[in-house]
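What follows draws every value from the coordinates through simple rules; no lab data is involved. Here the structure is a predicted model, which means the values were calculated and not measured. Here Cβ is always computed from backbone atoms with ideal geometry, including for glycine, and neighbour counts include all displayed protein chains.
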Amino acid sequence: MKRHLGLIAVVVVILAVGSFFFYDLPEKVAVIQQTDQLVSQHKITKFKDVAVNSQTVRNLEALSTKTKISNLSDAEGGSGKQLYYVGQLGKRQAGVVVEKEMPFVWKVRSVNVW
């Protein structure tokens, strides 16, 4: 019985530590996949849908279709339904806001490239 309690305690500690290090993994995966897809498709209408201003549209247009987001931060702020990330697109910085649609389903709502 004591052995089972010890095993349960170890599992609980592992889950707690794992959730601390990987708590925003679904959101980060959504940012990476959706931002990379946006750039690779290179459609002006999609750029205009998510861009926060016209300068961002021009900056997105100037990117190569092979450009990938890199150096993605942890969530910089937000709420339970929206989170803000900062990364690098080519030689420019990018801010990306994702919004929760369902549990574990996130969608890029806006992009700012400066």
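I'd like to know which of SER110, THR67, ALA30 lies farthest towards the positive end of the charge dipole of the chain, counting +1 on Cβ of Lys and Arg and -1 on Cβ of Asp and Glu.
Looking along the dipole axis, the top candidate is THR67.
Quick query: amide H of ARG109 versus all other amide H atoms, modeled in the peptide plane; which residues come in under 5 Å with a sequence gap of 5 or more or a different chain?
Under 5 Å from the amide H of ARG109: VAL97, VAL98, GLU99.
With point charges of +1 on the Cβ of Lys and Arg and -1 on the Cβ of Asp and Glu, referenced to the Cα centre of the chain, which listed residue (VAL50, ILE8, LEU89) lies farthest in the positive direction of the dipole?
LEU89
For GLU99, GLU27, what's the fewest-to-most ordering of other Cβ within 10 Å of each Cβ?
So the ranking, lowest neighbour count to highest, is GLU99, GLU27.
Residues of segment 78-104 with the amide nitrogen closer than 16 Å to a label point 7 Å from the Cα of HIS42, along Cα-to-Cβ, please.
90-91
Output ³J(HN,Hα) for segment 86-91: one whole-Hz value per residue in order, computed from phi by the Karplus curve 6.51 cos²θ - 1.76 cosθ + 1.60 with θ = phi - 60°, and x for Gly and Pro.
Per residue, the Karplus-derived 3J(HN,Hα) values read 10, x, 10, 10, x, 9 Hz.
What 222 nm value per residue comes from the helices of the chain, counting each DSSP H run with n ≥ 4 as -39,500 (n - 2.57) and dividing by all residues, nearest 500 deg cm²/dmol?
-15000 deg cm²/dmol
Cβ under 13 Å from LEU60's Cβ, LEU60 left aside: what net charge do those residues give with Lys, Arg +1 and Asp, Glu -1?
With Lys, Arg at +1 and Asp, Glu at -1, the neighbours total +2.
Residue-wise, which Karplus ³J(HN,Hα) couplings in Hz belong to segment 44-59, taking 6.51 cos²θ - 1.76 cosθ + 1.60, θ = phi - 60°, and x for glycine or proline?
My calculation for segment 44-59 gives 4, 4, 5, 4, 5, 5, 10, 5, 7, 7, 5, 5, 5, 4, 5, 5 Hz in order.
Could you line up LYS48, LYS28 from fewest to most neighbouring Cβ atoms inside 10 Å?
LYS48, LYS28
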